[in-house]
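Here the structure comes first, spelled out in structure tokens, and everything after it is commentary.
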Ligand SMILES: [Cu+2]
């Protein structure tokens, strides 16, 4: 299991947090995503080999937010 912290720009409320969380958790291989609004970041746990940082970032972008 790999854990990564990704800074996410563009989130402004709890609705954004849920959108980002759902988008990340929809990526195959992701076990868990905790999205933190005050710190503007997502902590993601995923299985190496199934998911990777680029796939997670792409899902965040598709949801309309900007991974940094
Ligand atoms: Cu919002």
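Where a number appears in this text, it was derived from the coordinates with a stated rule and is not lab data. Everything numeric here is computed off the predicted structure, so don't read it as measured data. Counting neighbours? That spans all protein chains shown, and the Cβs are built from the backbone with ideal geometry, glycine included.
For residue 7, the criteria (1) touching a residue at least 60 places away in the same chain (Cβ under 8 Å); (2) touching a helix residue (DSSP H, G or I) at 6+ places or on another chain (Cβ under 7 Å) hold in every case but one, which is (2).
Anything in region 23-44 that is under 15 Å from residue 58 (Cβ atoms) and in contact (Cβ under 8 Å) with a residue 40 or more places away in the chain? List them, or say none. Step through it out loud before you land on a result.
Taking region 23-44 first, the residues under 15 Å from residue 58 (Cβ atoms) are 23-30, 33, 42, 44.
Matches in region 23-44: 23, 44.
Restricting attention to region 43-55, does a residue exist that is over 17 Å from residue 2 (Cβ atoms) and surrounded by 13 or more Cβ atoms within 10 Å (Cβ to Cβ)? Checking region 43-55: not a single residue is over 17 Å from residue 2 (Cβ atoms) and surrounded by 13 or more Cβ atoms within 10 Å (Cβ to Cβ).
Among the residues of region 20-39, the ones that are buried (at least 17 other Cβ atoms within 10 Å of the Cβ) and within 14 Å of the ligand (Cβ to nearest atom) come to 4 in all.
Is region 43-60 home to any residue that is assigned to a loop (DSSP other than H, G, I, E, B) and within 16 Å of the ligand (Cβ to nearest atom)? Give the derivation first.
Our first condition is that a residue be assigned to a loop (DSSP other than H, G, I, E, B); within region 43-60, this holds for 47, 49-50, 52.
Cutting the leftovers down to within 16 Å of the ligand (Cβ to nearest atom) gives us none.
No, that holds for no residue.
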